[in-house]
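Data first, discussion second: the structure below is written as structure tokens.
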Amino acid sequence: MSDQITDPTAAATPTPVTPRDDNRSRYATSRSWRLPGVVVVIMIVLALVGVALTSSKNALAPRFWIVLVPTYGVLCVATAWDRARRDPGFRMPGILRQVFHWVGIGVALWLSVFIRRTGEETVTAASDNALLLLALGCFLAGVHLEWLFAIVGVLLMLALIIVVEAEQYVWLIFVASGIVIAGLLVFRRLIAKSRKPVTHGS
């Protein structure tokens, strides 16, 4: 009986990546940011409406910021659900974390509104508190869910500082928001180019 001789380099040979696998990877990468990118644009547009209402001293501004809290919460939960579909390691705990995260922000906002009704807080202060909680909620969602949301949180914080301390520079918020949206569009174009099928010579 002869001994069987095996090639010691056979086990170390890496599995080749086929063009199909490479294109799937590119497609998954593009989808991983698509919904968060759209959600961030929606958040920024809604925030700009709130800034415009606040800077014009519109009485609807406090209510608008309050309504944005559950709106942003739903958008973040939808993003978490979309991520859970793509990432098996995320799943239900990640979605529940976002639910509890925004429920906590909502409870804090409700307490702020309750204090205002007792006459101990002005309408302007209530609006500022709602904006602060919204900024904090978005920033923490960026830390735990999708980093793009942290950008929205920073923009909201900048808006709060400018509205409170230097209203003459409100235009900076619109400029910064435009730069962020333009950056997302450029990034989308780059990702779209990377999704083009890779042709390999025979």
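The values are calculated or read from the model by the stated rules, or taken from the named source; none is laboratory data. It should be emphasised that the depicted structure is a prediction, and the values quoted were computed from it without experimental measurement. Quick reminder, even Gly has a Cβ in these numbers, built from the backbone with ideal geometry, and neighbours come from all protein chains shown.
Just a few scattered comments:
- Checked against (1) at pLDDT 90 or above; (2) of a type outside the set (S, T, N, Q); (3) closer than 21 Å to Ser55 by Cα; (4) surrounded by 20 or more Cβ atoms within 10 Å (Cβ to Cβ), Gly137 passes all but a single condition, namely (3).
- Given (1) of a type in the set (Gly, Ala, Ser); (2) within 21 Å of the chain's Cα centre (by Cα); (3) modelled with pLDDT under 85; (4) surrounded by 12 or more Cβ atoms within 10 Å (Cβ to Cβ), index of the condition Gly104 fails: (3)
- Output for region 77-94, where each listed residue is buried (at least 16 other Cβ atoms within 10 Å of the Cβ) and charged (D, E, K, R): Asp82, Arg83
- For region 187-201, the condition holds for no residue, the condition being that it is surrounded by fewer than 19 Cβ atoms within 10 Å (Cβ to Cβ) and modelled with pLDDT of 85 or more.
- Contact map, region 59-74: first residue without any contact (Cβ under 8 Å) to a residue 12 or more places away in the chain, second residue assigned to a helix (DSSP H, G or I), Cβ cut-off under 7 Å, separation 6 or more or different chains; pairs are Leu60/Leu53.
- Selection of region 150-172 for residues being crowded, with 16+ Cβ neighbours inside 10 Å and either in contact with an Asp or Glu (Cβ under 7 Å, 6 or more places away or on another chain) or at pLDDT below 85 (or both) yields Leu160, Val163, Val170.
- If you go through region 47-76 and keep only what is under 21 Å from Ala176 (Cα atoms) and surrounded by fewer than 16 Cβ atoms within 10 Å (Cβ to Cβ), you end up with Val49, Ala52, Ser56.
- Checked against (1) outside any loop (DSSP other than H, G, I, E, B); (2) at pLDDT below 85; (3) surrounded by 15 or more Cβ atoms within 10 Å (Cβ to Cβ), Glu121 passes all but a single condition, namely (1).
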